[in-house]
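Peer 1: Got a structure for you, written out below as structure tokens; questions coming shortly.
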Amino acid sequence: MDAMNRRTGRSESGAGPAREARDTDVIVVGAGPTGLLLAGDLAEAGLGVTLLERRPAEISNLTRALVVHARTLEQLDARGLADELVAGGHPLTGLRLFGRVTIDPTRLRTRFPFVLVTPQFEVERLLERRARRAGVTFRHDSEVLGLDQDADGVTVRFRTAEGLGAIRAAHVVGTDGVRSTIREAIGLPFPGKSVIRSLVLADVRLAQEPDSPLMVNANGEAFALIASFGGGLYRVIGWNRHHQADDDAPADLDEIRELTRLALGSDYGMHDARWVSRFHSDERQVPAYRVGRVFLAGDAAHVHSPAGAMGMNTGLQDAANLSWKLAAVLQGHAPDSLLDSYQTERHPVGKQALRSSGALIRVALLPTGPGRAVRTLATQVVNRLRPLSRRAIRTISGIGIAYPAGPGAHPLAGHRAPDIRLAGGGRLYELLRQGRFVLITPAGEPGVPQAPAGGGDSPHPGDGRVVTAFWRSPRRTALLVRPDGYIAWATDATAPAERAAALRGALAHWTGVEDGAPIATALTPPAHAADTPAGR
């Protein structure tokens with residue numbers, strides 16, 4: 001094993017010394033957005049995290065993702081990053097896809113009722129800064145060769161310029177993209193097929209500014225998207241039905257100009273291409289997101305067409321779902337079986353993203369006159385029927401994602417928690433920045449710690465797994481919100497004994513907090529913390 005500072009590992013429950021010393025708690029492979037968010041979450045929870053990345057330390061700005069949806073912005077808000085990202089991007093309150101389908105995010109009940117156009121490298125920049133501040137150990141120029149796992153941990157083998165090395169951890173998460181080495185190392189297939197070939201990408205400058213920071217259209221002959229990502233540069237992604245070539249065939253600016261004219265009616269005076277490349281788009285998903293102590297997330301687990309811009313967003317939400325579960329298990333607050341819920345909850349979401357993006361791209365590229373007539377009729381129906389339109393934007397934005405809650409659960413359980421305004425002027429997603437469960441109850445709830453009279457510090461600063469807050473309204477429902485912003489449990493019971501028993505059971509089941517354990521009471525942040533452009 002290469003020379004490094006070794007630390008005593010935890011047992012599987014996190015409650016004592018491991019049978020074999022480990023170098024770190026979790027190894028994350030891949031420093032894209034998914035890996036960076038996951039690593040930062042785990043490090044902020046107090047775990048040792050090493051991130052292995054094949055690329056050099058400099059962040060590449062040759063990126064494909066350009067859109068951040070509302071649910072992802074909520075997850076970033078829960079980490080204190082959303083407002084900075086929004087300030088540097090282009091919020092769009094309306095979007096027309098293929099000249100027909102109208103996407104109206106202003107209907108969403110969220111602090112971020114828009115589509116944010118911003119390059120992936122800006123997301124990576126914020127997430128990397130957070131991860132480094134939290135103490136993540138970065139090992140760039142490290143090519144993973146394989147891994148070996150046993151009952152006590154996982155050893156990852158890698159190669160650097162200095163030679164071969166190995167590092168051992170309790171768990172490994174592969175966020176290393178569509179050609180994932182981790183996926184291959186655990187023997188998982190990646191079934192699926194190519195949905196569209198000979199897509200081209202380019203970063204260019206334009207002589208004429210488009211009407212919108214994001215322009216997209218398809219007409220059966222070609223597809224094109226133009227998006228601004230600052231500094232006078234534009235990303236172009238396109239496809240020409242009459243020019244199909246292999247991935248290794250050269251692409252040039254003339255090809256980009258032609259397909260853009262076909263799809264958008266103009267090439268906007270494109271010039272000074274910084275780079276041009278060709279690729280194909282697949283629809284693939286692994287059958288299992290977990291094999292023993294190894295997990296997959298992001299493009300390593302699922303990949304689909306660029307239609308709907310759901311790729312990076314789905315990966316980031318994978319990370320948000322998995323991180324708190326790994327932390328709870330490694331710290332001894334939850335059984336290992338909690339980790340199985342990552343597959344139960346996220347695999348269906350990945351499948352839905354494949355279906356949604358696949359349907360969009362297939363409809364957009366229908367080649368025949370009758371086919372395009374059907375597309376026109378279908379989009380008119382979607383635009384005119386509010387329930388269908390609302391469902392479409394909730395699906396694409398991620399706001400509509402919900403997880404199975406089990407029989408007998410409260411109707412709210414498993415659903416995303418909105419950014420609830422709380423007594424004292426604060427917001428739920430500000431409290432979620434602590435990385436803990438949030439219990440929201442009426443003030444004066446029996447058995448729940450109350451805020452000290454006249455303000456002051458929490459009665460149990462820093463030692464609780466749950467932070468409590470109180471409704472600003474007279475609502476009597478009690479909610480337990482998971483660290484990823486989904487409702488774990490709720491009750492409308494009014495009988496004090498029944499209500500208290502249900503609360504005790506929920507806390508024990510979800511957080512490991514038993515009677516007598518400390519629960520912190522939040523003094524919610526002042527109202528001005530929410531008074532930002534993104535919140536208006």
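The values are calculated or read from the model by the stated rules, or taken from the named source; none is laboratory data. In this text the structure is predicted, and so the values were computed from the model without any measurement. Cβ: placed from backbone, ideal geometry, glycine included. Neighbour counts: every protein chain shown.
Peer 1: Can you tell me which of (1) assigned to a helix (DSSP H, G or I); (2) surrounded by fewer than 24 Cβ atoms within 10 Å (Cβ to Cβ); (3) not polar (S, T, N, Q) is the one residue 288 doesn't meet?
Peer 2: (1)
Peer 1: Something else now. Kindly indicate whether any position in the range 128-143 is within 30 Å of residue 228 (Cβ to Cβ), surrounded by 20 or more Cβ atoms within 10 Å (Cβ to Cβ) and among the acidic types (Asp, Glu).
Peer 2: Scanning the range 128-143, I find at least one residue that is within 30 Å of residue 228 (Cβ to Cβ), surrounded by 20 or more Cβ atoms within 10 Å (Cβ to Cβ) and among the acidic types (Asp, Glu), so the answer is yes.
Peer 1: So, one more: Can you say whether residue 295 is assigned to a strand (DSSP E or B) and under 18 Å from the mean Cα position of the chain (by Cα), as far as the supplied structure shows?
Peer 2: On the way: assigned to a strand (DSSP E or B): yes; under 18 Å from the mean Cα position of the chain (by Cα): yes.
Yes.
Peer 1: Quick one: in the range 137-166, which of the residues that are more than 19 Å from residue 188 (Cβ to Cβ) and among the basic types (Lys, Arg) is nearest to the chain's Cα centre (by Cα)?
Peer 2: Let us first name the residues in the range 137-166 that are more than 19 Å from residue 188 (Cβ to Cβ), namely 137-143, 151-153, 158-166.
Those still in the list that are among the basic types (Lys, Arg) too: 139, 159.
On the way: 139: 23, 159: 29 Å.
Ranking the candidates gives 139 first.
Peer 1: Now for a different question. Tell me which of these residue 241 doesn't satisfy, since it passes every other one: (1) surrounded by fewer than 20 Cβ atoms within 10 Å (Cβ to Cβ); (2) farther than 27 Å from residue 103 by Cα.
Peer 2: (2)
Peer 1: Can you tell which of 531, 484, 463, 457 is modelled with pLDDT of 90 or more and of a type outside the set (A, V, I, L, M, F, W, C)?
Peer 2: Values: 531 fails: modelled with pLDDT of 90 or more; 463 fails: modelled with pLDDT of 90 or more; 457 fails: modelled with pLDDT of 90 or more.
Answer to the check: 484.
Peer 1: Read through the list (1) crowded, with 16+ Cβ neighbours inside 10 Å; (2) among the acidic types (Asp, Glu); (3) under 33 Å from the mean Cα position of the chain (by Cα), then give the number of the only condition that residue 258 fails.
Peer 2: Looking at each condition in turn, residue 258 falls short on (3).
Peer 1: If a residue has to be buried (at least 19 other Cβ atoms within 10 Å of the Cβ), of a type in the set (D, E, K, R) and modelled with pLDDT under 85 to count, how many in the range 62-85 make the cut?
Peer 2: Within the range 62-85, residues that are buried (at least 19 other Cβ atoms within 10 Å of the Cβ), of a type in the set (D, E, K, R) and modelled with pLDDT under 85 number 0.
Peer 1: When you scan the range 330-340, do you find a residue that is surrounded by 24 or more Cβ atoms within 10 Å (Cβ to Cβ) and over 26 Å from residue 68 (Cβ atoms), even just one?
Peer 2: So the first thing to find is which residues in the range 330-340 are surrounded by 24 or more Cβ atoms within 10 Å (Cβ to Cβ), and the list is 330.
Going one step further and asking which of them are over 26 Å from residue 68 (Cβ atoms), we end up with 330.
The answer is yes; a qualifying residue exists.
Peer 1: If you don't mind, another one. Out of 21, 57, 43, report the one residue that is modelled with pLDDT of 70 or more and touching a helix residue (DSSP H, G or I) at 6+ places or on another chain (Cβ under 8 Å). Write out each step before concluding.
Peer 2: Numbers: 21 fails: touching a helix residue (DSSP H, G or I) at 6+ places or on another chain (Cβ under 8 Å); 57 fails: touching a helix residue (DSSP H, G or I) at 6+ places or on another chain (Cβ under 8 Å).
Just a single option satisfies the conditions, and that option is 43.
Peer 1: Report yes if some residue within the range 86-97 is crowded, with 22+ Cβ neighbours inside 10 Å, in a loop (DSSP other than H, G, I, E, B), under 15 Å from the mean Cα position of the chain (by Cα) and of a type outside the set (Val, Ile, Thr); otherwise report no.
Peer 2: There is no residue in the range 86-97 that is crowded, with 22+ Cβ neighbours inside 10 Å, in a loop (DSSP other than H, G, I, E, B), under 15 Å from the mean Cα position of the chain (by Cα) and of a type outside the set (Val, Ile, Thr).
Peer 1: Can you go through 198, 212, 180 and tell me which one is in contact (Cβ under 8 Å) with a residue 24 or more places away in the chain, buried (at least 22 other Cβ atoms within 10 Å of the Cβ) and polar (S, T, N, Q)?
Peer 2: 180
Peer 1: If you don't mind, there's one more thing I want to ask. How many residues are small (Gly, Ala, Ser) and under 20 Å from residue 231 (Cα atoms) when one looks only at the range 253-276?
Peer 2: Start the filter on the range 253-276 by keeping residues that are small (Gly, Ala, Ser), which leaves 263, 265-266, 269, 273.
From what's left, under 20 Å from residue 231 (Cα atoms): 269, 273.
Matching residues across the range 253-276 total 2.
Peer 1: Which number in (1) touching a strand residue (DSSP E or B) at 6+ places or on another chain (Cβ under 6 Å); (2) assigned to a helix (DSSP H, G or I) marks the one condition that residue 341 misses?
Peer 2: (1)
Peer 1: For the range 159-179, how many residues are closer than 21 Å to residue 322 by Cα and in a strand (DSSP E or B)?
Peer 2: Total meeting the criteria: 7.
Peer 1: Taking only pairs six or more apart or across chains, which ones have beta-carbon atoms under 6 Å, a first residue in the range 163-177 that is outside the structural domain of residue 139 (by TED's automatic domain parsing) and at pLDDT 95 or above, and a second residue that is assigned to a strand (DSSP E or B) and hydrophobic (A, V, I, L, M, F, W, C)?
Peer 2: Going by the 6 Å Cβ cut-off, there are no qualifying pairs.
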